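A.B. asks: Would you mind keeping the following structure in view while I ask a few things?
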Amino acid sequence: MCGIVAYIGKNQACPIVIKGLQRLEYRGYDSAGIALMQEGDITVYKTKGKVSDLQSFIEGKPTDSTLGMGHTRWATHGVPNDVNAHPHYSGNKNIAIIHNGIIENYAVIKEELTKRGHVFHSDTDTEVLVHLIEEIQNNEKCSLEKALLEALNKVTGAYAIVVMERNDPNTLYGARKGSPLVLGIGTDEYFLASDATPIVEYTKNVVYIGEEEVVVIKRDGGFTLKTIQNVEKTPYIQELELKLEMLEKGGYEHFMLKEIHEQPRSIKDSMRGRLNAVDNTLKLGGLKEYEHKIINANRILIVACGTSWHAGLVAEYLFEDLARIPVEVEYASEFRYRNPVINENDVVIAISQSGETADSLAAIKLAKEKGATIIGICNVVGSSIPRETHAGSYTHAGPEIGVASTKAFTAQVVVLTMMAIYVAYKRGKITESKYRQLIIELDTIPDKVKHIIDSTNEQVKKIAEIYKNAHNFLYLGRGYNFPVALEGALKLKEISYIHAEGYPAAEMKHGPIALIDENMPVVVVATNHSAYEKIISNVQEVVARKGRVIAIVTKADDIIKSLAEHVIEIPDTEESFSPLLSVIPLQLLSYYIAVGLGKNVDQPRNLAKSVTVE
Ligand code: F6R
């Protein structure tokens, strides 16, 4: 969490940094700040609130500077307020720092520094780090670079930092461990940022700073990359594929709505080059070298968090149903702390939109140490998780900016679906004709998703208006649609702040049924072919207790239509592909309820898009 951006060059730093912070605001938005090198001084402006509050705060104040850095915060240590906002100064105000991550041993260091006379103004771990750098520099009378390297060797935890020094208006320092940092190389100008989005309109040439690496950028002298052990590295300069229009709302009111509407395209892009609809074959290039490991795996462990964990649950059904490989789906955060049994014939699949989620990253590091094969399903190219995996497939959903994940989920599910079909076929668990039939049907999914968005949007909007003031929602689903019920409930919770629970429909009678009364909207995802009669019974159980049923059904399902108060019809498909369709009306429902309640859909309270703390 937290977004950092910095600039050194010939242009004005302030507008570039502010614009960059707006792009990074999805990473955190409880306070923001900027540091500018001005006539031999470092000026810091910071405030509680969003980047727009920072913009208002600096209006009319002097901002002339060609070296600057900014930060948008998601609080970990210390409440969100002006004082805890970044940048932070060292004691003598010679050095300023911005930081994304957590310094885990900050308390010990703070105690030590306090004894040596340091006075801290904030509750942050970051201020401790900048005081530590200052302490080393003062003690050893050394350069900032040397002090920085030494300090980074003393701290534990995670960081992406940018540091500037009052006495040196021509140098900017960046470093990372566990949190992302990208260097953009322009013509006589350089950028540092948490991801490439603030950089893309100025240059396509970037270097993803590696683990425990430091970059030193000189205004007129290029940059050097080294490890924190002071070993020089040869930078690998890559060309960005990101396009500027991908980062804009393109006429939609919110990024979330744009991203819901993008799904026909993002699903297609995730299939492109993999699913060949002409000769009905599948190819997963990124897995080639390790495909024998997956095909012969004793079991598959899936680690992920949040929405990505829900995609993992869909994959459990897919791999067990089609490929007959046992699957366990784990919350990454629990997995790593419970001494899991892992062996060399296990395949661990990490699913992550951002590729930066700290819990997922730590889980795969642990599994790797124990000899498992690690496969990544990530959306952000060059992020940390893909670097730690043996192989993987990117989801080509494009940048997802709305904090609530939508198109990333369907892209993850489609990639996992292709994997499961491919592995099932290679293991001889499905026939050639079933293999081809599945591919032909999968190829129709983008058009069906488009049809759902176009045909259900207005109806869902009306349903949202009716139920937007409900205090609780229940989401029910069976089989492949159980993870969809969980995902629908999560979407509603995170952007509308309405309490919602997802439940396996049959499990309802073991407890949650007590909640049902005439005030309880119950969303039933009822597109199943198998256990169809059972889901009808579950709907009847809700109706009998006066619950208000909103059912997602397959077109022409007259039985559920006669029972439910509202039915949202979607096209039929293979049961194993139904999550790709049934989730769409649930995304729209949560969106329109949140809009109806006047909530900040793209930046819900307390959340951040990239969760780089454990
Ligand atoms: C929900 C949501 C979160 C993320 C979770 C994992 O809409 O966005 O639950 O799914 O934080 O993030 P990634 O996929 O980046 O690892």
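A.B. asks: Hey, which of these cross-link pairs are over 21 Å Cα-Cα: 46/204; 491/534; 534/555; 365/429; 258/450; 407/561?
C.D. replies: From 46/204; 491/534; 534/555; 365/429; 258/450; 407/561, over 21 Å: 46/204; 491/534; 365/429; 407/561.
A.B. asks: Under a point spin-label approximation (7 Å from Cα along Cα-to-Cβ), what is the residue 56-residue 510 distance to one decimal in nm?
C.D. replies: It is 5.1 nm.
A.B. asks: Starting from 0.36 nm per residue, how many nanometres of slack lie between residue 138 and residue 459 once their C-alpha separation is accounted for?
C.D. replies: 108.9 nm
A.B. asks: Just order 417-425, 513-521 by mean Cβ neighbour count inside 10 Å, highest at the front, would you?
C.D. replies: Result, highest mean first: 417-425, 513-521.
A.B. asks: On a 0 to 90 degree scale, rounded to 10, what angle separates helix 13-24 from the longest Cα axis of the chain?
C.D. replies: 20
A.B. asks: Here is a follow-up. Would you mind getting me the FRET efficiency between residue 561 and residue 433? Use the beta-carbon distance for r and R0 = 35 Å, nearest 0.05.
C.D. replies: 0.55
A.B. asks: Here's a follow-up. Between 391, 236, 190, whose Cα lies farthest towards the positive end of the dipole of the chain when Lys and Arg beta carbons carry +1 and Asp and Glu beta carbons carry -1, centred on the Cα centre?
C.D. replies: Value computed over the given set: 391.
A.B. asks: Let me ask something else. Which order do the peptides 579-587, 459-467, 591-599 take when ranked by the mean count of other beta-carbon atoms within 10 Å per residue, highest first?
C.D. replies: 579-587, 591-599, 459-467
A.B. asks: Out of all DSSP beta bridges in the chain, what portion is antiparallel? Express it as a percent rounded to 5.
C.D. replies: The antiparallel proportion sits near 60 percent.
A.B. asks: Between residue 606 and residue 536, what is the FRET efficiency for a Förster distance of 45 Å, r being their Cβ-Cβ separation, to the nearest 0.05?
C.D. replies: Efficiency computed from Cβ-Cβ geometry: 0.70.
A.B. asks: Equivalent ellipsoid semi-axes for the chain, as square roots of 5 times the alpha carbon gyration tensor eigenvalues: give them largest first, rounded to whole Å.
C.D. replies: Square roots of five times the eigenvalues give 45, 27, 22 Å.
A.B. asks: A further question follows. Dipole of the stretch 201-297 (Lys/Arg Cβ +1, Asp/Glu Cβ -1, origin at the Cα centre): which of 273, 251, 202 lies farthest to the positive side?
C.D. replies: 273
A.B. asks: Find how much the distance from residue 597 to residue 93 grows on full extension, using 0.36 nm per residue of separation minus their present alpha carbon separation; answer in nm with one decimal.
C.D. replies: 177.0 nm
A.B. asks: Can you give me the C-alpha center-to-center distance between the stretch 190-249 and the stretch 351-402, rounded to a whole angstrom?
C.D. replies: 20
A.B. asks: Calculate the FRET efficiency for residue 224 and residue 11 from the Cβ-Cβ distance with a Förster distance of 22 Å, rounded to the nearest 0.05.
C.D. replies: Once the sixth-power term is evaluated, E becomes 0.45.
A.B. asks: At 7 Å along Cα-to-Cβ for each site, give me the label-to-label distance between residue 497 and residue 519 in nm.
C.D. replies: It works out to 1.9 nm between the two label points.
A.B. asks: Something else about it: Give, rounded to the nearest 20 debye, the magnitude of the charge dipole that the stretch 453-614 has about its Cα centre when Lys and Arg contribute +1 at Cβ and Asp and Glu contribute -1 at Cβ.
C.D. replies: My answer is approximately 480 debye.
A.B. asks: Under a straight-distance cross-link criterion of Cα-Cα below 19 Å, which lysines are reachable from residue 370, leaving out those fewer than 8 residues away in the same chain?
C.D. replies: Answer for residue 370, where 19 Å is the Cα cut-off: 293, listed by chain and number.
A.B. asks: Let me test this: with uniform point scatterers at the alpha carbons of the stretch 3-246, what is the Debye-based log₁₀ I(q)/I(0) at q = 0.07, 0.17 1/Å?
C.D. replies: Treating every Cα as an identical point scatterer, log10 I(q)/I(0) equals -0.19, -1.29.
A.B. asks: On to the next question. With +1 on the Cβ of every Lys and Arg and -1 on the Cβ of every Asp and Glu, and nothing else charged, how large is the dipole of the chain about its Cα centre, in debye rounded to the nearest 20?
C.D. replies: In debye, rounded to 20, the chain gives about 360.
A.B. asks: Moving to a separate point now. Treat each spin label as a single point 7 Å out from the Cα along the C-beta direction, and report the residue 19 to residue 236 distance in nm.
C.D. replies: For the pair residue 19/residue 236, the computed spacing is 3.0 nm.
A.B. asks: How large is the dipole of the stretch 250-443 about the Cα centre if only Lys and Arg carry +1 and Asp and Glu carry -1, each at its Cβ, rounded to the nearest 20 debye?
C.D. replies: 460
A.B. asks: If you don't mind, there's one more thing I want to ask. Excluding residue 302 itself, what net charge comes from residues whose Cβ is under 10 Å from its Cβ, given Lys and Arg +1 and Asp and Glu -1?
C.D. replies: Residues near residue 302 contribute -3 overall.
A.B. asks: Under the definition of Cα pairs under 8 Å and six or more residues apart, what whole-number percent is the relative contact order of the chain?
C.D. replies: Dividing the mean separation by the residue count of the chain yields 12 percent.
A.B. asks: Label 7 Å along Cα→Cβ of residue 572; the stretch 426-448 residues with amide nitrogen under 17 Å?
C.D. replies: Only 437-438, 440-442, 444-445, 448 fall inside the zone, counting backbone N under 17 Å.
A.B. asks: Can you give the calculated 222 nm mean residue ellipticity of the chain, where each DSSP H run of n ≥ 4 adds -39,500 (n - 2.57) and the sum is split over every residue, rounded to the nearest 500 deg cm²/dmol?
C.D. replies: -11000 deg cm²/dmol
A.B. asks: How far, in nm, would the chain grow between residue 298 and residue 249 when pulled straight, counting 0.36 nm per residue and subtracting the alpha carbon separation?
C.D. replies: Contour length minus the Cα-Cα distance gives 13.2 nm.
Read-outs: derived from the displayed coordinates by stated rules, not from any lab. Quick caveat: nothing in here was measured; it's all calculated off a predicted structure. Note: ideal-geometry Cβ built from the backbone for every residue, glycine included; neighbour counts use all protein chains shown.
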